[in-house]
Ligand SMILES: [Fe+2]
Ligand SMILES: [Fe+2]
């Protein structure tokens, strides 16, 4: 287990990720200016949330640039958004956050408050107002979306930047949860193969097709996820 979030720097692999590593470290410093206490507390609170947060940060940046053709500067904000997106888990009991088996219905309902928990901790400035809109969506591109979509979120133009940003962070969070090693996810869960990941991103539990992600987006994200988890992830 990481003893300090700064140790994530050391874990970065030797392959050609220098620019991403630099960007991650810059974003981590930005997050620590206002959120150091939250990040340190989260590390105490959860066995795997920091590794998950690192993975979502880098994976969302890669999905933005490699799947959705964002420029590096357009995708930069995903690094900090990924690092802090689950700090609201501090409001969820350690028993639930660290549970080594499937959550019950009631436990799952209780952990949903973590999204609002993150939003209330973000600084009250323009930069974080936009980031809050993106983070608020990270569990909304799924069959049982939460928090419930506002009228404004329901009405978002699907070609708008905000809609795409929200979709990218949600996609990265789901790919991380599905494909991650046991270091950043619940120990009872085996990592999904790319094929399973594609199916789960595009189908509901009853087998019907969903439209949150196109088959192409799911395929590209799952392939990128495999590359990421083979070489770069924690
Ligand atoms: Fe979350
Ligand atoms: Fe997450």
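What list do you get for 210, 118, 150 if you sort them by fewest beta carbons within 10 Å? Walk me through the intermediate numbers first.
Details: 210 14, 118 25, 150 10.
Fewest-to-most ranking of 210, 118, 150: 150, 210, 118.
Exposure proxy check: 198, 33, 83, 96 ranked by fewest other beta carbons within 10 Å? Display every interim value, and only then the final one.
On the way: 198 22, 33 8, 83 25, 96 16.
The order, fewest Cβ neighbours first, is 33, 96, 198, 83.
How do 28, 119 line up, fewest other C-beta atoms within 10 Å first? Present the calculation step by step, with values, prior to reporting the outcome.
Working: 28 22, 119 17.
So the residues, fewest neighbours to most, are 119, 28.
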MRE, 222 nm, helices only [DSSP H, n ≥ 4, -39500 (n - 2.57), over the chain, to nearest 500] | -18000 deg cm²/dmol
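Pairs of alpha-carbon atoms within less than 8 angstrom and 6+ residues apart define the contacts here; what relative contact order does the stretch 151-234 have, in percent?
Details: 63 pairs, mean separation 22.3, N = 84.
Averaging sequence separation for qualifying contacts and normalising by length gives 27 percent for the stretch 151-234.
Is the chain best put as rounded, prolate or oblate by its Cα gyration tensor, with a ≥ b ≥ c the root eigenvalues, rounded for a/c under 1.5, and otherwise prolate when a/b is larger than b/c, oblate when not? Mind showing how you got there, number by number?
On the way: a/c = 1.13, a/b = 1.09, b/c = 1.04.
Rounded shape, in that the Cα axes give a/c under 1.5.
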The chain - percent relative contact order, Cα under 8 Å, separation 6 or more | 21 percent
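Read-outs throughout are calculated quantities, based only on the coordinates presented, and are distinct from any laboratory measurement. Bear in mind that the values here come from a model prediction, so they are computed numbers and not experimental data. Heads up, the Cβs are rebuilt from the backbone with ideal geometry, glycines too, and the neighbour counts pull from every protein chain shown.
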